[in-house]
Every structure is written in C-alpha cells, then in structure tokens.
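Here the structure is laid out as structure tokens; the discussion comes afterwards.
The values are calculated or read from the model by the stated rules, or taken from the named source; none is laboratory data. Quick caveat: nothing in here was measured; it's all calculated off a predicted structure. Neighbour counts are summed over all protein chains in view; Cβ atoms, including those assigned to glycine, are modelled from backbone coordinates with ideal geometry.
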Amino acid sequence: MTPSPSLHHTFNRLFPQWAELRQIARETRTELYVVGGSVRDALLCRPLADLDMVCQAREMEYWENQIARLSGGHFFTLGKERLITRRLVSGNFSFDLTPLEGDNLAADLQRRDFTINAIALGLHDDSFHDPHHGRQALEQRQLLCVSPTSLSSDPLRILRAVRFVLTLDLQLPPETTRLMVDARSGLTDIAGERIGNELSMILAHPHAAAGIRRLADTRALDTLFPPLLSLRGLTQNEYHHADAFEHTLQMMESLDDLCANPPETIASPDQEQAIILRLAALFHDAGKALTKTVDPQTKKVHFYGHEQISAHLAGTALRPLGLGKQTIARVLRLIEHHLAPLLLSLGRPKAKAFRKLVFTLEDDLPLLALMALADNLATRGKNFSQRQGKIEACVRELLNVYRQERKSFLKPLINGKDLLALGMEPGPQMGVIIRAVHQRQINGECSSRAEALAWVRELLPPSTSTENQPAAKSPDLP
C-alpha cells in the first residue's frame, strides 16, 4: 500500500535529516520502519516528539550509527524487558529503536495492542503497512484490538486503552469493552510501577473522570483497587443522592470542571497537583463501608472517622505503584482533612482554626478547597444549596488566610549551592538574591526552580567561566 505524501512531509518537517535517512535506507535496501504511535499521530496530524523505529536485530548497530551520525548524540538502553529498546535524545526530540519482534514486520505488527498502533512506514522501500486496518479505525474513531488475545497477553493494555480513548478522542466498541472485562483479572500480575505510570497519565488528563468511569464500567477499577468495590451499592444518609461509589465518580467529574474553570481565587492545578487531587478524590470515601453505623433511635446513617480509614486504605493501595513517598503523603493528607472545610462551615470557628488548617496543608490548601467544593457538588441531597453556599464562604476565608500566611511556610526554590553552581562567589550577595527569588515566589511571579534559576541567570554577567566572576547585580527588591 502506498503511503500518503503528507506522511513523508510530516516526518520531513519534524526531522530535517529524514530525507537523508530515507535515502540511506533505499540505497542499502536495509529494512527500517517507523511504526506505532509515530505513524498514528502523523496520520492524525498531531504534534510529534519522537520517532518509534524497528529494524532487524542483526542491523541494530548499523542503524544506531546512522541515526546518531545524522542527529547527534548517542543511544542508551531502556528497560530490562526481553525486547530491548535503544533511545537517542537529540534536543527536544527522541528516537526509539527496537528490533523486530518475530520473523518479519507482519509478525511484529500482529503482536501489537491496537489496530491504530499496528501501522508501519518503510523507509527502505517507501511501503505503507496497515494489515489490521488501523487507518480506517482512526477515521472511524474506533479503538480495536489487533487480536482476541491482545489484552490478555498484557492486561496493562486495559489502562492504555482508556488513555487512548481520552487522548485521541476515540470510542470503545463493544468487542473491545468485552475483551477489557475478560482480561481485567490479569492486572493483579502487572508490576505496580507500570500501573502507576499509566494511571498517572489518565489522571493528568482534563477529562480524567471519564477515564475512571471507563475503568469502573469494565470492573478493572475493582481489580486495581479492591477497597473501592465495597462502595458499590453502599447507601448513604439524606445528604447524598447516590450510593458511595457513584458519589465518588460524580465528585471526580465535578473536579474536572473545577480544575478547568476554578474559582477566581484558585489557580488551575498543574499536572502533578491534578494527579494528587484526583487520587485523593478517588479514595476519599474508601473507608465508608468499614465505618457505617445506623443510630438505633433516629435511624440516621453515620460514617464516623471514615476519613482516617480511607487514608489508610489509600496508602496501602497506592504505595506499590511507585508514585513516590511525597506524592502519597500529600494524597493521604488531603483525604484525612477532606471534611475539614465542611465542618468549619457548619459552626462559628475562630481564626486560629482556619490558620491551623492552612498550616497543616500549606501549599495543598487550594487543592483541599477544590476537593471540598467538588465533594459537596456530588452530594445533591438535603440542604444542598445552603451547604454549598456555606462551604464557598469557608473556602474564601481559608484562601484569604492562606495568602496572608503563605510566606511563613513557603520554602525558597533555590539555595546557596544553586548559586555556586551558576558561578557566584560566596558572600552576602547570595542571600540578597535568594530572598529576592523567595519574594517572587510569594508574589506568584515564579513557581518552579527552573524559572527561578533562569531569572537569576539574567542578573549574572555573561560568562562561561565560574572563576573570578564579578558579583551579580543587585535585584530590585519589592
């Protein structure tokens, strides 16, 4: 099959040496294919940041040398799996080179997950390979498996399916959904780090709640996190209109809306914050089944202390996923305090109660505020509007205190070692610059270490030597 001319145009625009690499392949008749996501994204006219390439195992060294010569840099090995991938990073672009799996390209494509990824473009003969009609599936926005065993052979592909549905705006046809259901039990055998990586990419998406609902519909979510299974059908009190499981999903949907359009006093969460916030929402009520009680006289339902049990269950479920100790600690802290804004809104708290919560959450206080708003939006039960108004007022007060006190706990983005690495001489001038960067943080003018260092570099005189460098000019302090 002949490829569309626009494919070569896309790759040529992306990689200036494309034509030369293609010419080498054609002259030597040495097999080299661009495959999978690179071809898929080129067909969709999506931005590309890498090229996925395959060749015969015996020709790996040859193509490594050719690609490295054209692009600069050197290859290193990725992973410890049986199929070794070699990666070269050149500027903001990367090349992944892998040996063909199987006897030929057809066998390699047969082993891939979805038809949209089982596509290849040959540089050596200008051939286009689409044996499973992936281009047609893309045009029809359908996510189809290459074979009936595609998911069972690697159940992590269940999460990849959800990610592709979100990022590529695809539909899950019934046959793919059925294969996801059938393969879900195999998720218990997948390494936690692999699950954590895929789950994080789902939770970082602006419509993460839709992805979590997909996992729930296929019962894969129950397999991944058994504590959530107990929330299905768990009736709540008169303040809730749905069972605990549906409430959790609706809360995540409300979070998606709030993250996209937060109250004007709250900044939209960055990717790391969004993942932490959504993990906390997913597990915030996980302990309700273990804490449910019914008052024998009033018949009212209570879940006393469920936030602590929920945090414990979340920690047990998330630690194997390789998300990092600090990330998990922040998730658990949000879960443990997710009721605090509601409880504050129900009484007449003193100022110190607001300050205590602010200093407990520190820079995660805005995330707690979003969590509290979303939690109530997903209740829709008795006195909903009244409760929402009170929580909104409480959140405004918390954010006022947070802005006033933030400089007390905001840690500087840089330190003296960073300035020494930039070539500054030790002395009082370093303290002046560190305090200036800290003030920019407090003012919201600088939010990352990279931004801070870039600003400091502007203050330093241009020099490539770290010896005998003149002192930096004094920043204009506020």
Would you mind finding the one in 219, 214 that is crowded, with 17+ Cβ neighbours inside 10 Å, among the basic types (Lys, Arg) and at pLDDT 95 or above? 214
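Conditions (1) surrounded by 12 or more Cβ atoms within 10 Å (Cβ to Cβ); (2) under 30 Å from residue 173 (Cα atoms); (3) in contact with a Gly (Cβ under 9 Å, 6 or more places away or on another chain), marked per residue:
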{"residue": "60", "(1), (2), (3)": "yes, no, no"}
{"residue": "66", "(1), (2), (3)": "yes, no, no"}
{"residue": "88", "(1), (2), (3)": "yes, no, yes"}
{"residue": "93", "(1), (2), (3)": "yes, no, no"}
{"residue": "99", "(1), (2), (3)": "yes, no, no"}
{"residue": "103", "(1), (2), (3)": "no, no, no"}
{"residue": "114", "(1), (2), (3)": "yes, yes, yes"}
On the basis of being part of a helix (DSSP H, G or I), more than 22 Å from residue 380 (Cα to Cα) and in contact with a His (Cβ under 8 Å, 6 or more places away or on another chain), does residue 211 make the cut? yes
Listed residues 120, 161, 183; which is small (Gly, Ala, Ser), closer than 30 Å to residue 62 by Cβ and crowded, with 21+ Cβ neighbours inside 10 Å? 120
Taking the stretch 287-301 and the residues there that are basic (Lys, Arg) and surrounded by fewer than 21 Cβ atoms within 10 Å (Cβ to Cβ), the one that is farthest from residue 236 (Cα to Cα) would be 299
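Please note which helices (runs of 4 or more DSSP H) are completely contained in the stretch 302-377 and include at least 1 residues that are surrounded by fewer than 20 Cβ atoms within 10 Å (Cβ to Cβ) and of a type in the set (Phe, Trp, Tyr). Spell out the reasoning first.
Numbers: elements: 306-318, 325-336, 340-346, 351-361, 365-377.
Result: 351-361.
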Identify the single condition in (1) touching a residue at least 24 places away in the same chain (Cβ under 8 Å); (2) in the same structural domain as residue 374 (by TED's automatic domain parsing); (3) not in a helix (DSSP H, G or I) that residue 248 does not satisfy, given that it satisfies every other one. (3)
So residue 405 fits all but one of (1) assigned to a helix (DSSP H, G or I); (2) over 21 Å from residue 358 (Cα atoms); what number is the exception? (2)
Just checking, does the stretch 20-29 include any residue being outside any helix (DSSP H, G or I) and either out of contact with any His (no Cβ under 9 Å at 6 or more places or on another chain) or outside the structural domain of residue 121 (by TED's automatic domain parsing) (or both)? no
Conditions: (1) part of a helix (DSSP H, G or I); (2) under 30 Å from residue 406 (Cα atoms). Residue 205 meets all but one. Number of the miss? (1)
Report yes if some residue within the stretch 304-312 is in contact with a strand residue (DSSP E or B) (Cβ under 8 Å, 6 or more places away or on another chain) and on the phi < 0 side of the Ramachandran plot; otherwise report no. yes
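Please work out if residue 423 is surrounded by 15 or more Cβ atoms within 10 Å (Cβ to Cβ) and of a type in the set (Gly, Ala, Ser). Talk me through it step by step, then tell me what you get.
Working: surrounded by 15 or more Cβ atoms within 10 Å (Cβ to Cβ): yes; of a type in the set (Gly, Ala, Ser): yes.
Criteria met by residue 423.
Looking only at the stretch 230-243, filter to residues that are touching a Leu at 6+ places or on another chain (Cβ under 9 Å) and modelled with pLDDT under 95; which one of those is farthest from residue 193 (Cα to Cα)?
Within the stretch 230-243, the match that is farthest from residue 193 (Cα to Cα) is 242.
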